[in-house]
Amino acid sequence: MNHSALLDQISIVIADVLDIDKPVLGMETTAGSFEGWDSLAHISIVAQIESDFGLKFTLAELAEFSAVGNIVQAIERKRNGG
Amino acid sequence: MSAISSSFTIPIDANLLLRKKKAIRRTLLTESGLLKKKIAILGGSTTAEIKDILEIFLLNSGIEPEFYESDFNQYYEEIMFENAALKAFSPDVVFIHTTQVNIRNFPSLSDNDDSVERKLTDEFNLLEGMWERLKAEYGCTIIQNNYELPFARPLGNLDFSDIHGKTHFVAALNQKMARYAQVNTNFLVHDIHYLSSWIGLEKWHNRKDWYSYKYALGLDCIPAFAQNLASILMAVFGKSKKALILDLDNTLWGGVIGDDGVHQIKIGTGSALAEAYTDFQTYVREMRDRGIILTVASKNDLQNAKDGFAHPDSTLRFDDFASFQANWDPKSSNIRKIALEVNIGLDSMVFVDDNPAERELVRQQVPEIVVPEVGDDIDKYIALLDKSGLFEATRISAEDRGRHQFYQQNVTRAEQSLQFHDYGEYLASLCMSAQILPFDTASLERVTQLINKTNQFNLTTRRYTLSEVGSVIESRSHVALHGRLSDKFGDNGLITAVIGNIVADVLYIDLWVMSCRVLKRGMEFAVFDELVRRAIGLGVKTISGEYLKTAKNGMVSVLYRDLGFEKVSGAEGADSRWTYSVPSDYKGKNSYIKVNYES
């Protein structure tokens, strides 16, 4: 499946929260890949993704978000009603 | 800059602040003239996001905070035990971020009346112990959250009335905090009990943010929390707003008085709209009663505008306003006229107008002023101003409660001054009398308020906390005087303070402030006479004064020259130091004020 549209939306969030130019993301990009992406910024990034995509992650999902791919998959699952 | 300042609309855009905080912070830090303050945040749960958002609120209001953060949930230990790091940090303010997750002694169902009471006392003693220790050890201002309502009520509705209920316990504990705050002026309550209810407990008690990150409130509540907390800090640092500038048509009443006539405007109880405008007028009047200066800037014929307040159902009256500009000039020029008339800075004023074009024009032409985005729906106005925190105070003093009278008297004075050709004749006609006395504990609060709120007649803009002013009273090497002024129109209250520090035979004036209410009345000469009289008594040969320039205190840049000082360094109109050799046969400079030196 092509994730580029989702990755692009997520990269806008990351750019805003970290105050950096829009980064290039892959499914394997891990939290902490860019300067300033610490545990605090991670919380903000996840919260902003929830607000942009109009969804709420579960407690279990939040614990799994070590790579961007996990986030993308969680969004897709929710969109497919999973 | 405009993109960033528009991040701070009132009401706030919580999500924008959370999302762009780094960019906003970066931009705000480029502003010059920021006031540096040290704030220690001692948390009973995670505080990182609170600190970040609080910082941008403070920066936006001209304060550059330096923070100290306690280790996670170590607020109690860091306060109660030896803490070299906090001591070295030397905070201006300590903020204790506790919530009901930090309550250690909630009752259990096996408790009886006595044991519940004991638990309440134990819990409160823990709090009081911290406050007393902070006062003794750090002498700083203390702010602490009260307690919000609990997340769950195992007892259901009984939780409120049963002695075992958490809701019941929280209410009792909050009441004890309120009583402590009433008698301890260095202690201020951050009322999250109200804030969380206003936002909604369901949103506040976000379990995911608690389990995942140990935030005791939902992340999306943090901007409102930080705004509310920042407003207390603004009050502590003398940055709260002082005046409201109000439009009339469709702001203080419904309809256009010039077109509709006074009997057709919507005010009173005749319709839903009329009731909403009456409620807004009532709220504005309550602001007046607590010391906020009311003014009008309206595009109207003066007589029509005045007639609106003669309407039998109008809560506000024409003489409630300290300045009344009803004409067809641009609002920006009327606003500048108001600032001159009431003698306060443009950045101490808030402009309320239902017309979006006027709001935008004023924002562009008078960038210092705050213009809330009130919209055109009158039923939103009260909540919007009320939650803005713009007018926060640390105390409401007798001076605050009587302020509108001072301004009413000033209008009468101004009318009278027109009858005189000679300003001296006018001053003489006022029959002024003053009391100039050393600081005493009774006036401590008002003196501190004056020191921290005065911006124009302020030679050094040094700020003193209540405890610092208190220690000046005790000191033998200080000469500290305050003055009251009254005249035939009324009492202006305590309006000036000066603090000097004696080293050998030199008196250094550390601070000198005077309220904008009594400028150009010659009171500075009366104060200086008394300062010199006391200085001579203490063997002082020289008085040394300093002028430190700010954006607002230009009016006193040559005060020392006018008092006969010689300039020793710096230039006139810039930071400068001045010296005065006290002549043994000093002749008083005051000629219009009868001074009483006894209390």
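Every number here is computed from the coordinates shown, using simple stated rules; none is lab data. Here the structure is a predicted model, which is why all the values come from computation and not from measurement. Please note: Cβ atoms are built from the backbone with ideal geometry, for glycine as well, and neighbour counts cover all protein chains shown.
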Where a ≥ b ≥ c are the square roots of the eigenvalues of the C-alpha gyration tensor, would you call region A:11-52 rounded, which needs a/c under 1.5, or, failing that, prolate if a/b is larger than b/c, or oblate? rounded
Could you work out the mean count of beta carbons from other protein chains within 10 Å of each residue's beta carbon in A:41-50? 4
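Which whole number gives the average, over all residues in A:11-19, of C-beta atoms from other chains lying within 10 Å of the residue C-beta?
Numbers: counts 0, 0, 1, 0, 1, 7, 6, 2, 8.
For peptide A:11-19, the averaged partner shielding equals 3.
Can you list the GluC sites (Glu not before Pro) in region A:50-79 that are in a DSSP coil and have 14 or fewer other beta carbons within 10 angstrom? Write out the running numbers ahead of the final one.
Numbers: sites: A:Glu50, A:Glu61, A:Glu64, A:Glu76; in loops: A:Glu64.
Passing both the DSSP loop test and the Cβ count: A:Glu64.
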Just how large is the dipole of region B:289-420 about the Cα centre, in debye to the nearest 20, putting +1 at every Lys and Arg Cβ and -1 at every Asp and Glu Cβ? 420
With just the Cα atoms defining each centre, how far is region B:242-270 from region B:106-132? Give it in Å. 53
Please order A:His42, B:His263 by the number of other Cβ within 10 Å, starting at the fewest. B:His263, A:His42
Would you work out which of B:Ser443, B:Leu481, B:Leu559 lies farthest towards the positive end of the dipole of chain B, given +1 charges on the beta-carbon of Lys and Arg and -1 on that of Asp and Glu, about the Cα centre? B:Leu559
Starting from the 7 Å offset along Cα-to-Cβ, what nm value, one decimal, do you get for the label separation of B:His421 and B:Val582? 4.2
When the Cα centres of region B:441-495 and region B:206-224 are compared, how far apart do they sit, in Å? 42
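Calculate for chain B the 222 nm mean residue ellipticity that helices alone would give, adding -39,500 (n - 2.57) per DSSP H run of length 4 or more and normalising by residue count, nearest 500 deg cm²/dmol.
Values: 24 runs with 252 residues, N = 599.
The per-residue figure over chain B is -12500 deg cm²/dmol.
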I'd like the FRET efficiency for B:Ala310 and B:Leu361, computed as 1/(1 + (r/R0)^6) with the beta carbon distance as r and R0 of 30 Å, rounded to 0.05. 0.55
Charged-residue dipole, Cβ positions (Lys, Arg, Asp, Glu), the protein assembly as shown about Cα centre, Debye nearest 20: 1380
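Using a ≥ b ≥ c from the Cα gyration tensor of chain B (square roots of the eigenvalues), is it rounded, prolate or oblate, where a/c under 1.5 gives rounded and otherwise the larger of a/b and b/c decides, a/b for prolate? Kindly include the intermediate steps, with their values, before the conclusion.
On the way: a/c = 1.84, a/b = 1.20, b/c = 1.53.
Oblate, since a/c reaches 1.5 and b/c is not below a/b.
Apply the Kirkwood formula to chain A: the hydrodynamic radius equals the inverse of the mean of 1/r over all pairs of different alpha-carbon atoms; give it in Å with one decimal. Walk me through the numbers before you get to the answer.
Working: mean 1/r = 0.0789 Å⁻¹.
Result for chain A stands at 12.7 Å.
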What FRET efficiency comes out for B:Arg462 versus B:Glu117 if R0 is 41 angstrom and r is the Cβ-Cβ distance? Round to the nearest 0.05. 0.30
Given charges at Cβ of Lys, Arg, Asp, Glu: the protein assembly as shown dipole, positive-most of B:Phe280, B:Ile56, B:Thr9: B:Ile56
Cα gyration tensor shape of the protein assembly as shown, rounded if a/c is under 1.5, else prolate or oblate by comparing a/b with b/c: prolate
Within a 10 angstrom radius of the beta carbon, how do B:Cys431, B:Cys516, B:Cys221 rank from fewest other beta carbons to most? B:Cys431, B:Cys516, B:Cys221
Rounded to the nearest 20 debye, dipole of region A:4-79 from Cβ charges on Lys, Arg, Asp, Glu: 340
Ranked B:Thr27, B:Thr278, B:Thr9, criterion: other C-beta atoms within 10 Å, fewest first: B:Thr9, B:Thr27, B:Thr278
Can you tell me the orientation of helix A:68-79 relative to chain A, as the angle in degrees between its alpha-carbon axis and the longest Cα principal axis, to the nearest 10? 30
Note: probe point = Cα of A:Gln9 + 7 Å toward Cβ; backbone nitrogen < 17 Å; residues of region A:26-57 passing the test are A:26-27, A:45-57
Put a dot 7 Å past each Cα toward the Cβ at B:Thr30 and B:Ser110; how far apart are the dots in nm? 6.4
Within chain A, which trypsin sites (Lys or Arg not before Pro) sit in a loop by DSSP and count at most 15 neighbouring Cβ atoms inside 10 Å? A:Lys56
With a cut-off of at most 11 other beta carbons within 10 Å, and DSSP calling the residue loop, which trypsin sites (Lys or Arg not before Pro) in region B:76-158 qualify? Please list them. B:Arg104
Measuring from centroid to centroid over Cα atoms, what is the spacing of region B:548-599 and region A:4-82 in Å? 63
Toward the positive end of the charge dipole of chain B, about the Cα centre and with charges on Cβ (Lys, Arg +1; Asp, Glu -1), which of B:Val256, B:Ala23, B:Asn112 goes farthest? B:Ala23
